[in-house]
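What follows is a set of notes on a single structure, which appears directly below.
Nothing in this text is a laboratory measurement; each read-out follows from the coordinates by a stated rule. Because the structure is predicted, anything quoted here is derived from the model rather than measured. Quick reminder, even Gly has a Cβ in these numbers, built from the backbone with ideal geometry, and neighbours come from all protein chains shown.
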Amino acid sequence: MEEDNFDRRKSHKYRDNKSPERQHRRHNSNSDDDRRKRPRHDRRDNSRHPSSNLDSDHQWGGTKDSSSDKKPVVKKEEPNFETTGKLAEDTNTFNGVVIKYSEPAEARKPKRRWRLYPFKGEKQLPVLHIHRQSGYLLGRDRKVADIPIDHPSCSKQHAALQYRLISAKKDGRHVRCIRPYIIDLESANGTYVNNQRIDSKKYVELMEKDVIKFGFSSREYVLLHEHSTDSGDDDSLAEDNPNEESNAD
C-alpha cells in the first residue's frame with residue numbers, strides 16, 4: 001500500500017512539464033498576469049479635461065487657425081465734446097420758435113426817431129415807429145415778428161432792420177454814429193431797396209427816403225425820421241457820441 005502511494009507521488013513529481021495539461025495551465029496563468037500588467041483605459045469622460053481636446057486644434061494638413069474664430073475688435077466710442085447747437089437754439093427761442101437772426105455786437109438803440117411810412121398804392125397806412133429798440137424782425141410769423149408782413153410771398157422770418165454803431169467821416173474828421181441797416185434772412189422771394197434786390201445775409205445801409213419792399217407785395221415802406229426835410233440832406237451824422245467806441249468792421 002505504501003509503495004502504491006509512493007509510486008503515485010513519484011509519478012506526479014516527475015510528470016512531464018510539456019504535457020498538454022501542464023501547458024494549458026501555464027498559458028492560463030500567463031494570460032492572467034498579462035491582464036494585470038495591461039494598462040487600464042480611462043473610462044471617464046475626456047471632454048471634461050482640456051488636455052483631451054488637444055486634437056481639436058488640428059486639421060488635416062496643418063494647425064487650425066484660431067485667429068479666424070476671434071471676433072473683430074470694436075473700437076470704443078470716445079466722448080464727443082463738440083457743440084450740437086441745441087444750447088444756441090434754447091437761448092435764441094421766442095414763443096417756442098427758433099429765431100434765425102441774432103443782433104451783432106455793435107447793435108445800438110438809435111437816438112433819432114426813425115419811422116416807416118407804409119403805402120399800398122396811393123393809400124397811406126398807419127406810421128410805424130421804429131426807434132424804441134435796436135432791431136426789428138420782419139416776417140409773416142406773428143409769434144416772433146416785430147413788424148408783421150402778411151403777404152403770402154413773404155417768409156415767416158423775412159428780414160431784419162438793425163441799428164448799428166459805425167464810424168463815418170464828417171468835415172474831414174471821424175465821428176461815430178448810429179445808422180439803420182437792413183438784412184435779408186435768406187427769404188424765398190427777396191428784399192428790395194429802391195427796387196433793387198439785395199443780397200441775403202449782408203447788411204445794407206439805409207438812407208433817408210429809401211423805399212423798401214418785401215417779396216411780391218405791392219406794399220412800400222418809406223424810411224423817414226422826425227427831422228426829415230425836403231432838402232435831401234441826411235443829418236444822421238449829428239448823432240456823434242465821442243464816449244462810445246465803434247465795434248463795426
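What's the number of the only condition in (1) within 20 Å of R219 (Cβ to Cβ); (2) out of contact with any Pro (no Cβ under 8 Å at 6 or more places or on another chain); (3) in a loop (DSSP other than H, G, I, E, B); (4) not hydrophobic (A, V, I, L, M, F, W, C) that R142 fails to meet?
Just one mismatch for R142, condition (2).
When the residues of the range 107-139 are filtered to those that are touching a Lys or Arg at 6+ places or on another chain (Cβ under 7 Å), hydrophobic (A, V, I, L, M, F, W, C) and assigned to a loop (DSSP other than H, G, I, E, B), which remaining residue is surrounded by the most Cβ atoms within 10 Å (Cβ to Cβ)?
That would be I130.
Among the residues of the range 146-161, which ones are surrounded by fewer than 19 Cβ atoms within 10 Å (Cβ to Cβ) and under 16 Å from N95 (Cα atoms)?
Step one: of the range 146-161, the residues surrounded by fewer than 19 Cβ atoms within 10 Å (Cβ to Cβ) are 146-148, 150-153, 156.
Selection gives D146, I147, P148, K156.
Give me the pairs, please: first residue somewhere in the range 157-183 and hydroxyl-bearing (S, T, Y), second residue anywhere and not in a strand (DSSP E or B), beta-carbon distance under 8 Å, and either six or more positions apart or on two chains.
Y163/R108; Y163/K109; Y163/P110; Y163/S134; S167/S246; S167/A248; Y181/Y203; Y181/L206
Picking from V127, V204, which residue would you name as being free of Cβ contacts under 8 Å to residues at least 40 places away in the same chain, of a type outside the set (D, E, K, R) and touching an Asp or Glu at 6+ places or on another chain (Cβ under 9 Å)? Spell out how you get there, then give the answer.
Working: V127 fails: touching an Asp or Glu at 6+ places or on another chain (Cβ under 9 Å).
Just one listed residue meets the conditions, V204.
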